[in-house]
Structure formats: C-alpha cells, structure tokens
Amino acid sequence: MDITTAYESEELLDAEQVVAYLLENPDFFAQYPQIIEKISIPHPNKGSVSLVELQSEQLRKKVRSLSHKLNQLISIAKQNEAIYRVYADLNLRILKCTNLDDLKFILEEVIQENLQLASVTLKPFKGAHALPEIQQRLFIEKRFKRDKFFFGRLSEHERKLLFADQEANSVALLLIGDLGELGILAIGSKNPGHFNPDMDTLLITQLQQFLGILLPKLLTY
C-alpha cells in the first residue's frame, strides 16, 4: 500500500513512517505534483509557504553559505601567498648577511614589521653572545624532546631568558643546526593562541634550514 492509499483509507501513519517512505521514494512528488500545491508549511516570517517556496529558500541559503565559504577560502589563500612571499624574501636576505648583527636586524625587521609579530630573538650556542650552557640544556631537555620546533607558551622564567622584557604570550622556537648545536631562534606573539602545536611548519622549516647554513659562517668560536 502506498502513502496515498493509506491516506484515502484513513489509516494513521506516524511522522517517522512518512519520513521513511519519502526518503525511500524521492520521486514521490514528481508522481503526484498536485499534492505539492496543497501542502502549506508554517514560516516564521511569511506565515505559511508552499513546499516549492520553502525548497527555493533553502537552496538560496545554501548558495549564500557556499559563496561565503568560498570567499573565506580565497581570503586565506591570499594571506598564505603573502606570508610565503615574506618568508621567501627573508631567506634570500639572510643569506647575504656578513655578520651576526646584520642577521639579527633583518630578522627583527621582517618578522616584526612584515609579519607583525611582537618579538624575535636569536640566541647562539657559541661565540661571544652565546646562551649559557645551563640555559641551553634547560630548553633542549624541556622544549625539544621530540622535535627541533616548539609552538606554544613558555613559563615566565623561560620567557625572560629568551625575550627579556619583550612581549611573547605565545612563541615559536626553532632549534638551529643539524644536531641542534648552533642556537635557538625565538619568535613571540602578543596573541596567546597564535603559536600552537597544530601549526604548519613548512615555511618555518625552510627558515630553520637557511639559518643552519648561515650561522656557522657568522659565529665566532
């Protein structure tokens, strides 16, 4: 017995049976188009509308939602392209540095001004301005157990060791050198959630590799 026969014989159907039947017979309204005109659906703003009107409105909402998502994806793609260009330019500029001061200046200029991050500091492990060995071990043992990156928050003591009085509510730490023997690049953000463990590391890995090539030439042993 189909749904129309049930209706004509006044057999009672519950809502779930009706839903199940319509889902199993998606062409039902095509077979009985006269029913569409008789169905009236309550609408919060228009009183009641036909099934066709409701379907059209839902399709319009879906199109608007998809359009909004597309615009978001385009915006993110443009932002990613801009960030990629900043990193590409930075990598070329640091390879031209002839001393540690020039390198630090370029890192600060690009990362703070172009990427609009709060702070950046380079702490070599060797040379006249080396991070004390006890502090090197502190960071390596606590923050670089599994990888040569750390993204997240530091303790107040750690933050002061790396950034002094600069703002760094979340940080990216890069251990430099094939064995992590050359130093740490530390980048800080005002936003506590900006740097997090789920971040993509492609661009920052390239920066890490370029610094690994350059630093041995600049450090005074």
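Some points to look at:
- Restricting region 129-180 to GluC sites (Glu not before Pro) in coil, as DSSP defines it, with at most 15 other Cβ within 10 Å: Glu167
- Electrostatic dipole magnitude of region 67-219 [Cβ: Lys, Arg +1; Asp, Glu -1; Cα centre; debye, to 20]: 240
- The largest accessible area among Leu215, Leu161 belongs to the first residue in Leu161, Leu215, and the rest follow in falling order (1.4 Å probe, all chains).
- Loop-located trypsin sites (Lys or Arg not before Pro) in region 105-196 whose Cβ has at most 12 other Cβ within 10 Å (DSSP): Lys145, Arg146
- For Gly183, residues with placed amide H under 5 Å, excluding near neighbours: Phe125, Ile176
- Computed from the alpha carbon positions, the gyration tensor of region 67-219 leads to an equivalent ellipsoid with semi-axes of 26, 19, 14 Å, biggest first.
- Charge context of Tyr84, other residues only, Cβ under 12 angstrom, K/R +1, D/E -1: -1
- Within straight-line cross-link reach of Lys217, lysines at Cα separation under 20 Å, skipping those fewer than 8 residues along the same chain: Lys96, Lys104, Lys123, Lys126
The values are calculated or read from the model by the stated rules, or taken from the named source; none is laboratory data. Keep in mind the model is a prediction, meaning the values are calculated, not measured. No Cβ is skipped: glycine too gets one built from the backbone with ideal geometry, and neighbour counts run over all protein chains shown. Please note that ligands, DNA and RNA were not included when accessible areas were found on the heavy atoms of the full protein model with its side chains. Shrake-Rupley method; radii C 1.70, N 1.55, O 1.52, S 1.80 Å.
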